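The structure appears right after this line, and notes come after that.
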Amino acid sequence: MNPPCPCCSGLAYAECCEPYHSGIGTAPTAAILMRSRYAAYALNLTDYLLKTWHSSSLPASLNMEDGNIWYRLEILHIEDGKENDDNGLVEFKAYWHNKGHLGHLHEISRFIKEDRRWYYLNGAIRPTPATIKIGRNESCFCGSGKKYKHCCSR
């Protein structure tokens, strides 16, 4: 069984972000690095996130214990960041749920390429609406058609 990639590319994880996460290769574009970093957040791969963070803005540590479950990535805009570029920008929304609440992160991320390798530099977070409470008997936000209590609330 080859599960779908958490980055929402439509590809299987083994054919998409797993090679980057396992160190087999490096992301050829800023957008692909952004997708692989989102998948790393979804899979709690802290080492990969730190490894792909540019040294000039690298945090001392990452706290991934907020309980958010990342379930969807939406790429809104890509500027530069192709294989022959040295910098790029990716605007995205990353959707999460946590104990019956829904929310999303809207960010414009900046990437830089050094020594033929892309790194996350920093991001500007856009304001987002307050989280939404999901009722147990409401339809699940993931689109499964099931009630929330029988789907993603687990």
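The values are calculated or read from the model by the stated rules, or taken from the named source; none is laboratory data. These numbers were taken from a predicted model, which means no experiment stands behind them. Cβ coordinates were reconstructed from backbone atoms using ideal geometry, including for glycine residues, and neighbour counts include every protein chain displayed. To get the accessible areas, we keep the full protein, side chains included, count just its heavy atoms, and leave off ligands, DNA and RNA. Shrake-Rupley method; radii C 1.70, N 1.55, O 1.52, S 1.80 Å.
Here is a list of conditions, (1) without any contact (Cβ under 8 Å) to a residue 40 or more places away in the chain; (2) exposed (fewer than 12 other Cβ atoms within 10 Å of the Cβ), and residue 56 meets all of them except one; can you say which number that is?
Going through the list (1) without any contact (Cβ under 8 Å) to a residue 40 or more places away in the chain; (2) exposed (fewer than 12 other Cβ atoms within 10 Å of the Cβ), residue 56 breaks only (1).
Could you say which residue among 91, 107, 79, 114 is of a type in the set (Asp, Glu), within 16 Å of residue 54 (Cβ to Cβ), at pLDDT 90 or above and within 20 Å of the chain's Cα centre (by Cα)? Don't jump to the end; show me each part of the working.
Values: 91 fails: within 16 Å of residue 54 (Cβ to Cβ); 79 fails: within 16 Å of residue 54 (Cβ to Cβ); 114 fails: within 20 Å of the chain's Cα centre (by Cα).
Only one candidate passes the filter, namely 107.
When both residues are 6+ apart or on different chains and their Cβ atoms are under 9 Å apart, which pairs have a first residue that lies in the range 60-83 and is among the small types (Gly, Ala, Ser), and a second that is crowded, with 16+ Cβ neighbours inside 10 Å and in a strand (DSSP E or B)?
81/88; 81/89; 81/90; 81/111; 81/113; 81/118
Could you give every pair whose Cβ atoms fall below 8 Å, whose first residue belongs to the range 91-112 and is more than 25 Å from residue 147 (Cβ to Cβ) and touching a residue at least 60 places away in the same chain (Cβ under 8 Å), and whose second residue is part of a strand (DSSP E or B) and among the aromatic types (Phe, Trp, Tyr), counting only separations of at least 6 or pairs across chains?
109/92; 109/120; 111/118; 111/119; 111/120
Give the range 59-77 a look and list any residue that's of a type outside the set (Asp, Glu) and open to solvent by 90 Å² or more (accessible area, probe 1.4 Å), or say none. Talk me through it step by step, then tell me what you get.
Here is the first cut: in the range 59-77, the residues of a type outside the set (Asp, Glu) are 59-64, 67-73, 75-77.
Answer for the range 59-77, where residues must be of a type outside the set (Asp, Glu) and open to solvent by 90 Å² or more (accessible area, probe 1.4 Å): 60, 63, 72.
Please specify each residue of the range 10-28 satisfying the condition of being on the phi > 0 side of the Ramachandran plot and more than 16 Å from the chain's Cα centre (by Cα).
Going through the range 10-28, the residues on the phi > 0 side of the Ramachandran plot turn out to be 10, 23.
The one that is on the phi > 0 side of the Ramachandran plot and more than 16 Å from the chain's Cα centre (by Cα): 23.
State which residue is farthest from residue 29 (Cα to Cα) when the search covers only the range 117-136 and only residues that are of a type in the set (S, T, N, Q) and modelled with pLDDT under 95.
Residues of the range 117-136 of a type in the set (S, T, N, Q): 122, 128, 131.
Next cut, modelled with pLDDT under 95 only: 128, 131.
Values: 128: 27, 131: 32 Å.
Across the range 117-136, the extreme among qualifying residues is 131.
Within the range 94-125, which residues are touching a strand residue (DSSP E or B) at 6+ places or on another chain (Cβ under 7 Å), farther than 24 Å from residue 56 by Cα and either β-branched (Val, Ile, Thr) or open to solvent by 50 Å² or more (accessible area, probe 1.4 Å) (or both)?
Selection gives 101 alone.
Which ranges mark the helices (runs of 4 or more DSSP H) fully within the range 18-73 that have 2 or more residues being in contact with a Gly (Cβ under 9 Å, 6 or more places away or on another chain)?
Working: elements: 18-21, 30-43, 46-51.
Ranges flagged: 30-43, 46-51.
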